[in-house]
Amino acid sequence: MKKFFKLDLQFFAQKKAGGSAKTNRSHDSISKRRGVKKHDGEIVKSGMIICRQLGTKIHAGENVGIGGDWTLFALKKGQVKYYKGRGKKTFVTVAASVS
């Protein structure tokens with residue numbers, strides 16, 4: 001009577017794992033540096049950027065101009081104030097200083 005041995009065969013992948021290409025690492029986008037630049041209560045001069053944004057997340061109020069890329073900037077020297085307006089919209093104004 002012959003004894004048979006039980007074979008436990010495992011089959012591995014036929015191809016080696018391919019690493020990520022070196023050229024793919026350089027495709028990360030450049031940051032746009034958006035966001036609030038001047039916060040509530042800060043003093044700004046005329047022309048200073050208050051907020052860089054995409055769209056009108058924050059709306060321009062009194063003494064605040066809006067650029068072609070929705071950048072908010074001060075039209076006069078004064079103090080920055082944020083408030084909630086109609087429909088829960090956020091507005092920013094510059095309270096003009098006398099001096």
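The values are calculated or read from the model by the stated rules, or taken from the named source; none is laboratory data. Source: prediction; values computed, not measured. Glycine also receives a Cβ, built like all others from the backbone with ideal geometry; neighbour counts cover every protein chain displayed.
Residues K45, K38: which one is free of Cβ contacts under 8 Å to residues at least 60 places away in the same chain, crowded, with 17+ Cβ neighbours inside 10 Å and not acidic (D, E)?
Unique residue meeting the criteria: K38.
Could you check, for segment 53-61, whether at least one of its residues is charged (D, E, K, R), over 24 Å from the mean Cα position of the chain (by Cα) and at pLDDT 95 or above?
There is no residue in segment 53-61 that is charged (D, E, K, R), over 24 Å from the mean Cα position of the chain (by Cα) and at pLDDT 95 or above.
Applying the selection to segment 67-99, what residues are more than 11 Å from D40 (Cα to Cα), touching a residue at least 24 places away in the same chain (Cβ under 8 Å) and of a type outside the set (A, V, I, L, M, F, W, C)?
K76, K77, G78, G85, K89, T90, S97 - these are the residues of segment 67-99 that are more than 11 Å from D40 (Cα to Cα), touching a residue at least 24 places away in the same chain (Cβ under 8 Å) and of a type outside the set (A, V, I, L, M, F, W, C).
Mind listing whichever residues of segment 66-86 are over 24 Å from the mean Cα position of the chain (by Cα), surrounded by 15 or more Cβ atoms within 10 Å (Cβ to Cβ) and either within 17 Å of T56 (Cα to Cα) or basic (K, R) (or both)?
Listed by number, the residues that qualify are K76, K77.
Out of K77, K32, K89, I need the residue that is in contact with a His (Cβ under 9 Å, 6 or more places away or on another chain) and of a type in the set (D, E, K, R). Which one? First the steps, then the outcome.
On the way: K77 fails: in contact with a His (Cβ under 9 Å, 6 or more places away or on another chain); K32 fails: in contact with a His (Cβ under 9 Å, 6 or more places away or on another chain).
One residue alone meets the criteria, K89.
Mind listing just one residue for me: the one in segment 66-99 that is modelled with pLDDT under 95 and either touching an Asp or Glu at 6+ places or on another chain (Cβ under 8 Å) or hydrophobic (A, V, I, L, M, F, W, C) (or both) and, of those, farthest from I49 (Cα to Cα)?
Pass one, segment 66-99, residues modelled with pLDDT under 95: 85-88, 96-99.
Subsequent filtering for residues that are either touching an Asp or Glu at 6+ places or on another chain (Cβ under 8 Å) or hydrophobic (A, V, I, L, M, F, W, C) (or both) retains 96, 98.
Details: A96: 16, V98: 21 Å.
That would be V98.
Take the residues in segment 52-65 that are farther than 18 Å from A96 by Cβ and in contact (Cβ under 8 Å) with a residue 24 or more places away in the chain; name whichever of them is surrounded by the fewest Cβ atoms within 10 Å (Cβ to Cβ).
Residue satisfying both the conditions and the ranking: K57.
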